[in-house]
Amino acid sequence: MNRLTEKQLQTLLLQKNLAKQTVPEVSLTTALAAAFKTMIQQGEFITGQRLPASRALATSLQLSRGTIENCYTALETEGYVCREVGRGSFVAQRQQPLLGLISEHSAAPSGGQVTLSRRSSRNGRPESGNLPQQRAFGPGMPETRNFPIHTWLRLYQQTVKEEGLSISAGSNLQGNIHLREAICDFLLAERGVKAQADRILIVSSTQQSLSLCAQVLADAGDSVFIENPGYTGAIKAFQAAQLKPIPIAVDEQGICTDEIIRSQANARFVYVTPSNQYPTGRALSLARRLALIEAAKFRDMWIIEDDYDSEFHYQGIATACLQGLDPHQRTIYMGTFSKTLFPDLHVAYMVLPEALVKPMTTARANTDSQVSGIAQRTLAKFIMQGHYREHVLTMKKIYSSRAALFINEINKHCGLKVKVIVPNCGLQILCLAESKQLEQEVAHRAAQYNLTLKSLSEFCTADIPLSGWLLGFAALDPIEIAYNVEHFSQLLTRCLNEMDT
């Protein structure tokens, strides 16, 4: 039997209409393939099941047969479908675990207990945001199914052909000059950053940038200001360097600069996410940006500006970045390509004040080897030929549409159970809960519903009155959003009912 159920047909029709009306940048082939992959992952098709003939499905969806053939070919390429001449297309046996079916059990470590340093014990568990997200709603995860992989591979092969596999990443300790120039031009045009190629340092990740700042700017025991709630990866990087994080409250206008001005602590730097405060999604007001810049000068401290996903700005006009407003050269601007392209690229960058270029580069060189030279040169071509800007614009429209759909689905299914904080930009949305108890109960049971829910409490170094969860939506297509929000609603209802009994 190879006919679709009514539900499956409606799912494909929905994806078709969304591709045509909501995000026209996504081809019908890509949209239909994504729908089939989602249904296969969720078990709506079983291994070995024959899919409808391309001619019959094209008639049902009112599409060309060529579109369906291209869809099946894409699914075959990714291993979801196997095709046999004269027999048809069948759901393939998947070697890797499907979405939501990942085993919770990991292999037991070999050997007994080992003695570690006190510093290692303080570091605790790894930052979960940097681990592979196997369930829905993992924050910070971009959509990679729309990445122009064929363009990237063409540029990669071109780089290897022109420069060979021996292209050295270490020929310039700051990073490939072509990439630094490309980043410089993009930041100047899109973010208003006062960038010069000789003040850009290429690193492997935001986490490495934070570790370098902790190493170069402060000594063990020194204080640093951080947002509360704030990015746990930064907190752990600073604690690993034996620094003392001082939490500064965040409100509707971002970090409370008055607290910094009044503080008696001799902090060496302040870490902020002004364009999209992590995790609340609020933007630092212009008045506070200017106040923070002057406070940094007066207190002789540095500002670390983490601009991790401001490319995806949905509402209004993005406020100028701190680095572009700072006339005193006290601001370090950090960015990454993991959110805009794909996480496994492992290329990020720092725009440094002149006084910090040499010490940061030296510390970087003493830390480990450089980022892949081939990857840097390929990325430089990708940016300079306009592919990066085109991809960002495409994904911005897709994410904006998904954010609106996600908020609509949350409001429809969850009603008054949660309050959504509508973001100005970014890949995740904060949902507020009515109590800490509900926050903890829902987060504790999330794995049972194949969801990843980061509690707001996890981002706090001091108590705050808010409760809730940070939900990533960007990596989910419309069908996946609807499916997982419904599960989230079921989880909420279950926890609320049990709390009432």
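Descriptive notes on the structure:
- Qualifying residue in region 436-450 (condition: hydroxyl-bearing (Ser, Thr, Tyr), modelled with pLDDT of 95 or more and either closer than 18 Å to residue 280 by Cβ or surrounded by 16 or more Cβ atoms within 10 Å (Cβ to Cβ) (or both)): no
- Scanning region 350-384 for residues that are farther than 13 Å from residue 181 by Cα, open to solvent by 20 Å² or more (accessible area, probe 1.4 Å) and basic (Lys, Arg) yields one hit, 358.
- Of all residues in region 50-70 being touching a residue at least 24 places away in the same chain (Cβ under 8 Å) and open to solvent by 60 Å² or more (accessible area, probe 1.4 Å), the one that is farthest from residue 88 (Cα to Cα): 60
- The set of residues in region 76-90 that are in a strand (DSSP E or B) and open to solvent by less than 20 Å² (accessible area, probe 1.4 Å) comprises 81, 89.
- Every pair of residues 6+ apart whose Cβ atoms lie under 9 Å, when the first sits in region 158-174 and is of a type in the set (D, E, K, R) while the second is at pLDDT 75 or above and surrounded by 14 or more Cβ atoms within 10 Å (Cβ to Cβ): 162/377; 163/373; 163/374; 163/377
- Given (1) assigned to a helix (DSSP H, G or I); (2) touching an Asp or Glu at 6+ places or on another chain (Cβ under 6 Å); (3) modelled with pLDDT of 95 or more, number of the condition residue 333 does not satisfy: (1)
- Top-ranked residue in region 190-211 [being assigned to a helix (DSSP H, G or I) and over 23 Å from the mean Cα position of the chain (by Cα); ranked as surrounded by the most Cβ atoms within 10 Å (Cβ to Cβ)]: 199
- Within region 278-314, the residues that satisfy the criterion of being among the polar types (S, T, N, Q) and either open to solvent by less than 20 Å² (accessible area, probe 1.4 Å) or within 19 Å of the chain's Cα centre (by Cα) (or both) are 280, 310.
- Matching option when the condition is more than 30 Å from residue 389 (Cβ to Cβ) and either crowded, with 19+ Cβ neighbours inside 10 Å or modelled with pLDDT of 80 or more (or both), among 29, 47, 73: 47
- Considering only residues in region 212-230 that are touching a residue at least 60 places away in the same chain (Cβ under 8 Å) and assigned to a helix (DSSP H, G or I), the one that is nearest to residue 358 (Cα to Cα) turns out to be 216.
- Listed by position, the helices (runs of 4 or more DSSP H) inside region 385-501 whose residues that are aromatic (Phe, Trp, Tyr) and closer than 30 Å to residue 181 by Cα number at least 2 are 387-414.
- Test: residue in region 390-398 that is charged (D, E, K, R) and in contact with a helix residue (DSSP H, G or I) (Cβ under 7 Å, 6 or more places away or on another chain): no
- Pick from region 456-493, criterion hydroxyl-bearing (Ser, Thr, Tyr) and either open to solvent by less than 10 Å² (accessible area, probe 1.4 Å) or more than 30 Å from residue 341 (Cβ to Cβ) (or both), ranking: nearest to the chain's Cα centre (by Cα): 457
- Against the criterion of being in contact (Cβ under 8 Å) with a residue 60 or more places away in the chain and among the aliphatic types (A, V, I, L, M), residue 183 qualifies.
The values are calculated or read from the model by the stated rules, or taken from the named source; none is laboratory data. No experiment lies behind these values; they were computed from the predicted model shown. Counting neighbours? That spans all protein chains shown, and the Cβs are built from the backbone with ideal geometry, glycine included. To get the accessible areas, we keep the full protein, side chains included, count just its heavy atoms, and leave off ligands, DNA and RNA. Shrake-Rupley method; radii C 1.70, N 1.55, O 1.52, S 1.80 Å.
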